[in-house]
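Have a look at the structure below before the remarks.
The values are calculated or read from the model by the stated rules, or taken from the named source; none is laboratory data. It should be emphasised that the depicted structure is a prediction, and the values quoted were computed from it without experimental measurement. Positions of Cβ are generated from backbone atoms using ideal geometry, with glycine treated the same way; all protein chains shown enter the neighbour counts. Keep in mind that these areas ignore ligands, DNA and RNA; they rest on the heavy atoms of the full protein, side chains included. Shrake-Rupley method; radii C 1.70, N 1.55, O 1.52, S 1.80 Å.
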Amino acid sequence: MAATADHSTTGASAPAYYVSTPIYYVNDRPHLGHAYTTVAGDVLTRWHRQRGEKVWYLTGTDEHGQKIMRTAEANGVTPQEWCDKLVEEAWKPLWEHLEIANDDFIRTTQQRHTDRVQEFVQDLYDKGEIYKGGYSGPYCVGCEEFKLPAELLDGATADEKLCAVHKRPVEWLEEENYFFRLSAYGPKLLEFYAANPDFIQPASARNEVLRFVEQDLKDLSISRSTFNWGVPLPWDEKHVLYVWVDALQNYITAAGYGSDPERFAELWPASVHLVGKDILRFHAVIWPAMLMAAGLPLPKRVVANGWLMVGGEKMSKSNLTGIAPTDLTSHFGVDAYRYYFLRAIPFGTDGSFSWEDFTARYTSELANDFGNLASRVAAMVGKYFDGVLPAATASGEAEKAVQDGLAAAVAAADRKIGEDLDFAGGLAAIFEFVKQVNGYISDQEPWKVAKDDSAEGRARLATILYTAAESLRATAVLLNPVMPSTAEKLWASLGAEAGLGALAAQTVAGAADWGRLPAGATVTKGAILFPRLEEKPAS
Ligand code: MSP
């Protein structure tokens, strides 16, 4: 849904909740690792939208640099042709498929970006923050990063050194470059981290950055002159800007920096930069120093997610499992996919994907606990009340316990997902409540109560089914940010729209507001939420 959402910022100047993903290199197609970060950001922003906040969610692509240039050359096309093709044929379609509701999609080759980038670096140059010097040292094109000798692994020969991430030889660079005075910012950064203890999360990431900055920071080479696929330096067009310094600025160029001051005031500073832990230093050291140099406020939080691993290594384009996101969505469905990675891997830690684990969670949590609950309740309202939701007139202790359980689940999920980015914990709280409702139905045995035709018996039966349906109403709201299509199906099956309006208009706080689903709603047994899985496709 790139760049089209109409739920974004409206009205004047109140700050918006602004979340960004890294912008991805388009040398290849997106894989499970990229989708992991993008889905997490989507759930976070949908959650905040559902709190009724103004939200802005940004993703995009990083299109300059040697890696892209070489890939294009190897494929016999220009870098721009390569980027256009990959963005349109691979990246945007995947985000649409995964129901990512980003408000903008920034590409670093767009003029709205490159013009502003030139102004930004010119400003730093004019302020004396950039000077000319010579650089010699190792560089990894895979990371697009200058390396320190101590970070490298030994290669096959005495002279060969390998990048520790890509396990491929680094290249020796010897160029005349421009430098940014990063070294001057060590003390200011440390002061900032101390004054803003939540700036870098999780704690392990924060500690790593502190240890790094406590050593002496070196000035950063910010230009390259041996190739030309990049943003030219305005004062010396023989140089293009180092791809990272160009890319980091997407967070402000897309937000109206230098082009739309009103929008920029509303959006900046960003609320959360989501990053993989591999690119933490760029976001928590270099980017803040650049912003300090420019006199701009710093983002409020940089949150690092762990890696999806394959065979003990970071999943990457070079060591793919051969499993693309769409291989999983075609088997498990998009919503289960969005759910699984966030539920199975505590955000911030590394985790491995396994087909077996996904299957087990799909079956027990989604199909049995949640899907069956929804279909049983709809079936019973159909059978005992002709599909018209009865009123709860005989509530007692058991119903009170369910209401309390819901209130606790909403409070926990709101804190964990909305504030702590603990998606696994928030989902666990919601599914704890689903389990509680299942337990409530087993205990109350409505199928037995249905045999009692007395007025009391009917009132009891009505109360049990209302309680279960109302619990599902709340569950649909809570799960909407994570599994939007499923939540929509459930909303339709509960006939909730007639009394409560669209699911998208419901709020997190309203989820806990017991008794919203009106008696008289038309409950239908809709499509099965999580159908039985087919056999695992042969690999
Ligand atoms: N272009 C830079 C980012 C610039 S941001 C100003 C870049 N791109 S990337 O395509 O290589 O990867 C970006 C991000 O994708 C990672 O930091 C991370 O968020 C995500 N992931 C890539 N592989 C991943 C895993 N195996 N696991 C989890 N996330 C991963 O770096």
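Annotations
- Residues within the range 225-234 that are under 32 Å from the mean Cα position of the chain (by Cα) and open to solvent by less than 20 Å² (accessible area, probe 1.4 Å), tallied: 2
- Taken over the range 229-246, the criterion of being of a type in the set (A, V, I, L, M), in a helix (DSSP H, G or I) and closer than 11 Å to residue 121 by Cα is satisfied by 245 alone.
- Out of 299, 288, one residue alone is open to solvent by less than 30 Å² (accessible area, probe 1.4 Å) and in contact with a His (Cβ under 8 Å, 6 or more places away or on another chain). It is 299.
- Pairs with Cβ under 8 Å, 6+ apart, first in the range 394-409 and at negative phi, second part of a helix (DSSP H, G or I) and aromatic (Phe, Trp, Tyr): 398/440; 401/440; 402/440; 405/433; 406/433; 408/433; 409/433
- When residue 323 is tested against (1) open to solvent by less than 40 Å² (accessible area, probe 1.4 Å); (2) modelled with pLDDT of 95 or more, exactly one condition is not met: (2).
- A single entry from 41, 60 fulfils the requirement of being outside any helix (DSSP H, G or I) and open to solvent by less than 10 Å² (accessible area, probe 1.4 Å): 60.
- The condition of being of a type in the set (Phe, Trp, Tyr) and surrounded by fewer than 20 Cβ atoms within 10 Å (Cβ to Cβ) holds for residue 355.
- Any chance residue 282 is within 13 Å of the ligand (Cβ to nearest atom), within 23 Å of residue 258 (Cα to Cα) and in a helix (DSSP H, G or I): yes
Here is a yes/no grid of residues against (1) in a helix (DSSP H, G or I); (2) surrounded by fewer than 17 Cβ atoms within 10 Å (Cβ to Cβ):
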position	(1), (2)
392	no, no
398	yes, yes
402	yes, no
407	yes, yes
425	yes, no
448	yes, yes
452	no, yes
466	yes, no
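- Neighbours by Cβ (under 7 Å, 6+ apart or cross-chain): first from the range 485-500, β-branched (Val, Ile, Thr); second in a helix (DSSP H, G or I): 486/335; 486/479
- Consider the range 184-207 and keep the residues that are closer than 13 Å to residue 288 by Cα and of a type in the set (Ser, Thr, Tyr). The one that is nearest to the chain's Cα centre (by Cα) is 193.
- Residue ID - surrounded by the most Cβ atoms within 10 Å (Cβ to Cβ), chosen from residues in the range 11-38 that are of a type in the set (Gly, Ala, Ser) and at pLDDT 95 or above: 20
- Qualifying positions in the range 245-268 - of a type in the set (S, T, N, Q) and within 16 Å of the ligand (Cβ to nearest atom): 249, 250, 253
- Hey, residue 485 open to solvent by 10 Å² or more (accessible area, probe 1.4 Å) and polar (S, T, N, Q) or not: yes
- Qualifying helices (runs of 4 or more DSSP H) (wholly inside the range 474-539; at least 1 residues being farther than 24 Å from residue 385 by Cβ and of a type in the set (A, V, I, L, M, F, W, C)): 508-511
- Test for residue 85: is it within 13 Å of residue 23 (Cα to Cα) and open to solvent by 30 Å² or more (accessible area, probe 1.4 Å): no
- Residue 346 being more than 12 Å from the ligand (Cβ to nearest atom), assigned to a loop (DSSP other than H, G, I, E, B), touching a residue at least 60 places away in the same chain (Cβ under 8 Å) and not small (Gly, Ala, Ser): yes
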